[in-house]
Amino acid sequence: MKVKSVVSCGLVLALTGAVGYGVANAGEKKDMTSKTAASSVVTNDNGSVSRTFVESSITTNGNLVTEHRRETRTNMDMDGNVLQTTTSEYAQSYSVGDTGWKLPAAKGDAKDAPAVATDSFMGLKFGSVHDVTNAVTDADEPTLLRATFKPAKPLAGFDDYYVYVTPKTHKVVKVCACAKEAVEPGSSWRRHYLIEALEKRYQTWARLCSWFRPCYAFDVAPDRYVTVCLYGSSEDYETVITAWDNAVLRTAADEYEELRKEARKNAAEKRKQKVSDAADAF
């Protein structure tokens, strides 16, 4: 999935500090700001160069969280001439905890609430056998096979969809939805609609899992998770949503080891036969 080579990528600034403290009472939460900045240089296949500088900040003010990201991209030709410079900004502000917006409540008593379906993602059920006629190996996931698929209901702004399966029985382990360009939430300072949609879908809160990228995680069920990276997910994709099942992932590891043992056994038998054939010929 890699089509570009990264020449250099470094964290050029990391600063975390307290910008204010609650003074009303000792139990009030502290106001904190985390700031990061990073730069990278990517050489494209045609010899052109793309330089990127990203500034990000996350501010917590009581139960209010504000995220801001500013990205400047400069494209240059092989001789170093600037071809284009673009700047994009993204911001969202939302409440969390007991003073934030509430998850949709089910009607009636909790015991009558409908169960949230967590055994599938984008129409594919974890653990089910999937046709992988177009499957390939993936260096990042050596115990799995990767195949493309087309969901019945594609997501707006997303380009590619991948399913990862176990290497022997081809059971669904992981599903990814990928967008080459960042899926923008719009200009209003609101929670990204993808995060809000997943919270509504799984009836659980998102938790921030990175301090230098807008990445979130959802614990949707025991051994089952969903992660969202809104920006800078990989060299090929800006926004990526991934769902996987750890139990099936362990099955994939067992199947991979079985295949390795079978391969070693077959190789030993073939070598033994070659030795025997050569001995007979001498």
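Quick notes on this one:
- Residue within the range 53-60 that is modelled with pLDDT of 75 or more, surrounded by fewer than 10 Cβ atoms within 10 Å (Cβ to Cβ) and acidic (D, E) present: no
- Contact map, the range 28-47: residues that are of a type in the set (D, E, K, R) paired with residues that are at pLDDT 75 or above and not in a loop (DSSP other than H, G, I, E, B), Cβ distance under 7 Å, separation 6+ or inter-chain. Pairs shown: D31/T60; K35/S57.
- Here A106 does not fit the description of being modelled with pLDDT under 65, out of contact with any Gly (no Cβ under 8 Å at 6 or more places or on another chain), loosely packed, with under 11 Cβ neighbours inside 10 Å and farther than 23 Å from L208 by Cα.
- Here K174 passes the criteria (1) surrounded by 16 or more Cβ atoms within 10 Å (Cβ to Cβ); (2) in contact with a helix residue (DSSP H, G or I) (Cβ under 7 Å, 6 or more places away or on another chain) except the one numbered (2).
- Subset tally (residues that are closer than 28 Å to E55 by Cβ and basic (K, R)) for the range 197-230: 2
- With respect to the conditions (1) touching a strand residue (DSSP E or B) at 6+ places or on another chain (Cβ under 8 Å); (2) over 19 Å from I58 (Cβ atoms), A197 lacks only one, and its number is (1).
The values are calculated or read from the model by the stated rules, or taken from the named source; none is laboratory data. These numbers were taken from a predicted model, which means no experiment stands behind them. Glycine also receives a Cβ, built like all others from the backbone with ideal geometry; neighbour counts cover every protein chain displayed.
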